[in-house]
Amino acid sequence: MSWCPLCLRDAIRGFSNTVEIVRFSAGGYDEHGRWKDGQSETLRVTASVQPTKPKEKMELPENRRSSAAITLHSLEKIDTVSVGGKKQPDIVRWIGEEYEIASVEDWTEHGGFYKAIAVKKGQ
């Protein structure tokens with residue numbers, strides 16, 4: 001059987017749930033030099049959500065590897081922190097908990113999806 005990018009998209013759709021993502025616009029400094037986060041909006045995104053494998057956690061910064069984490073496969077864009085763009089990472093609300101996007105892989109050219117790892121906030 002040959003590899004099929006559309007098959008991956010169908011698999012993601014078949015094993016997906018609707019999750020809430022809080023996305024922030026670019027922030028900036030006020031007149032007193034204090035950082036102010038940008039405005040937030042809540043989006044509903046279709047994603048396949050699974051526990052993160054230990055091997056995948058090794059790709060995260062060392063201080064985040066022991067945190068509870070989930071892996072999302074989504075047909076819609078997911079954002080991590082952008083220092084140059086002055087944006088906070090997306091926050092995922094999943095089963096009553098909040099997770100912060102720690103890494104994103106863009107697989108849109110080879111499968112039409114984004115893969116993201118999110119770590120539980122407050123850990």
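Bear in mind these aren't lab numbers, they're just calculated from the coordinates by the rules spelled out. Since the structure is predicted, the reported quantities are computational estimates derived from the model, not experimental observations. Glycine also receives a Cβ, built like all others from the backbone with ideal geometry; neighbour counts cover every protein chain displayed.
So here's what we get for this one:
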item: Theoretical gain in end-to-end length, Trp35 to Trp107 [0.36 nm per residue, Cα-Cα removed]; result: 22.6 nm
item: Flagged links, alpha-carbon separation over 24 Å, of Lys53/Lys86; Lys36/Lys57; Lys36/Lys121; Lys55/Lys86; result: Lys53/Lys86; Lys36/Lys57; Lys55/Lys86
item: Lys/Arg +1, Asp/Glu -1 at C-beta; the chain dipole; positive extreme among Tyr29, Ser66, Val49; result: Ser66
item: Helix axis angle, 5-14 relative to the chain longest principal axis, alpha carbon, degrees; result: 70 degrees
item: Relative exposure of Tyr29, Tyr99, judged by other C-beta atoms within 10 Å (fewest first); result: Tyr29, Tyr99
item: Rg and Dmax of the stretch 64-111, Cα atoms only, in Å; result: 11.9, 33
item: Net charge over other residues, Cβ less than 10 angstrom from the Cβ of Tyr99 (K, R count +1; D, E count -1); result: -1
item: Cut-off 16 Å (backbone N to label point 7 Å along Cα→Cβ of Val83), residues of the stretch 31-70; result: 61-63
item: R0 of 30 Å, Cβ-Cβ distance Met58-Glu98: FRET efficiency to nearest 0.05; result: 0.80
item: Spatial separation of Cα centroids for the stretch 103-123 and the stretch 25-75, in angstrom; result: 9 Å
item: Calculated over the chain: convex hull of Cα atoms, volume per residue (Å³); result: 126 Å³
item: Listed residues Gly28, Gly85, Gly96, most fluctuating in the chain (Gaussian network, C-alpha, under 10 Å); result: Gly96
